[in-house]
Amino acid sequence: MLDNTGKLVYQWLVQIDANTGQPTGVRKPNDPADPDYVQPMMDFDICPLPYVWEPIDPYCEATSFYCAPGYVMNADSTSCIKATDTMATPPATPYKSVAVSNTAFQNNYALIYRINSYTPTGGGSPYYFGYNNPFWANPTAVSTEGAMNRCGLWVDLNNDGAADAILNKWLGFTATLEMPADKIVLVAVSATTSGRIILTNQAGSNRTIVSFSNTTLYREWRLFEVPLKAGRNIIQMEGQAGVNNLLCFGAEIYSNTWDELYWEDSRIPTVLWSTADMRGQYFHTGEGGYSCPAGYALDYNNGSSVCRQVLVDTVKQHNSGKLAYRRRKRLLRGVADGYIEQNIEGTGTGPYFPPVPDTTTCPIN
Ligand SMILES: [Ca+2]
């Protein structure tokens, strides 16, 4: 059977009286050989194409959602969370920190990484900013400018005010931030040779955001965009010294946006947390700090340390026994033409496909 091509063709021409605008009653075939031939034209309203629609992206319709026992649904109903606290083990030998500074903490810029633009090992393409701002940079190699001179510290085992060699061991601090809503912050970490950021929040426990090394890391100040979740966020910041030289560790958290820091070189940022405030205090985590069971993160909790585990599970659902469709696609003469739209009743150009009973695919539970 023939179907529409979308093309409207005129078979006849009628004669109109130019004076009255009325038909004269004379007509003739619309002949291509005639000078007044009227070309066919595409008109999909009068000659609609024979589209056929199919539902796609099936899913089981739900009557309700729930979490596995012991889990509670998070605020935006996207996952189920089980948070457990347990005792933290204090260090046998607490490591006290001492401020450090050095003319060798020389840098021309700070480095700033967009979220999703850095690798777990600190690779990627940073942007450079902060030149001529002593908050970030120390281009003239003095001991009083730049981030590391401003907030650097290290272990002082014998309390003589001088840093002592603790080599190839992670050590550092945790900052606990309660967030009213999801927010991206900037976290900076540096040390003699290695630094890392580990995050615990409603996305799970002990997720390593980034961990990186460089033989001259003490000259770098790298800021990473880190996604915090609504609720409690435990940000663990640690460093290592791979050599007994230029011993240092520093970390800060800023509430500014990437654009604020990158585009406004002279801006002094809003600091949420800094190792500058930890100078003279005891390290929280790693060597000489509190320890936690596997899978738990240290929440320093103002010195009453606890270990916290956050388990994340998928949201479960009770099926209605019907299979529903998220979208629908269009076909022309058996071939999908690439046009797809949401399968919502009363919207789009295609027909709505209601859920269909299918207790094999979607058993009632
Ligand atoms: Ca010492």
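Tabulated data
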quantity	calculated
Stokes-Einstein D in µm²/s, Kirkwood radius over Cα pairs - the range 133-198 at 10 °C with 1.306 mPa s viscosity	108
Spherically averaged projected area of the range 285-324 from its Cα convex hull (nm²)	5.2
Neighbour cut-off at most 13 other Cβ (10 Å), DSSP loop, trypsin sites (Lys or Arg not before Pro), the range 269-365	R333
More than 15 angstrom apart: percent of Cα pairs within the range 40-131	85
Along principal axes, Cα extents of the range 203-350, largest first, whole Å	74, 41, 29
Whole-number percent relative contact order across the range 89-168, with pairs defined as alpha carbons under 8 Å at least 6 apart	37
Projected area, mean over directions - the range 192-238, Cα convex hull, nm²	3.2
Electrostatic dipole magnitude of the chain [Cβ: Lys, Arg +1; Asp, Glu -1; Cα centre; debye, to 20]	740
Formal net charge of residues neighbouring P90 (Cβ-Cβ distance under 15 Å; K, R +1; D, E -1)	-1
Cα-based equivalent ellipsoid of the chain: semi-axis lengths in Å, sorted from largest, via gyration tensor	67, 31, 15
Tensor-based shape of the range 1-66 (alpha-carbon gyration tensor, a/c under 1.5 rounded, otherwise prolate or oblate)	prolate
Net charge contributed by nearby residues that have their C-beta within less than 12 Å of R328 (K/R +1, D/E -1)	0
Pairs of lysine residues in the chain - Cα separation under 25 Å, sequence separation of 8 or more or cross-chain	8
Phi to ³J(HN,Hα) by Karplus 6.51 cos²θ - 1.76 cosθ + 1.60 over the range 3-12, Hz, x for Gly, Pro	10, 5, 9, x, 9, 9, 10, 9, 8, 10
The range 87-176: chymotrypsin sites (Phe, Trp or Tyr not before Pro) in DSSP loop, at most 14 other beta carbons within 10 Å	Y131
Prolate/oblate/rounded call for the range 238-325, Cα gyration tensor, a/c under 1.5 rounded	oblate
Hydrodynamic radius (Kirkwood) for the range 172-280, which is based on Cα pairs only, to one decimal in Å	14.3
The chain: relative contact order as a whole-number percent, Cα under 8 Å and 6+ apart	23
Ellipsoid equivalent to the range 74-219 - semi-axes via the Cα gyration tensor, in Å	30, 23, 13
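Read-outs: derived from the displayed coordinates by stated rules, not from any lab. What you see is a predicted model; the values in this text were computed from it and never measured. So basically every Cβ, Gly included, is an ideal-geometry build from the backbone, and we count neighbours across all protein chains shown.
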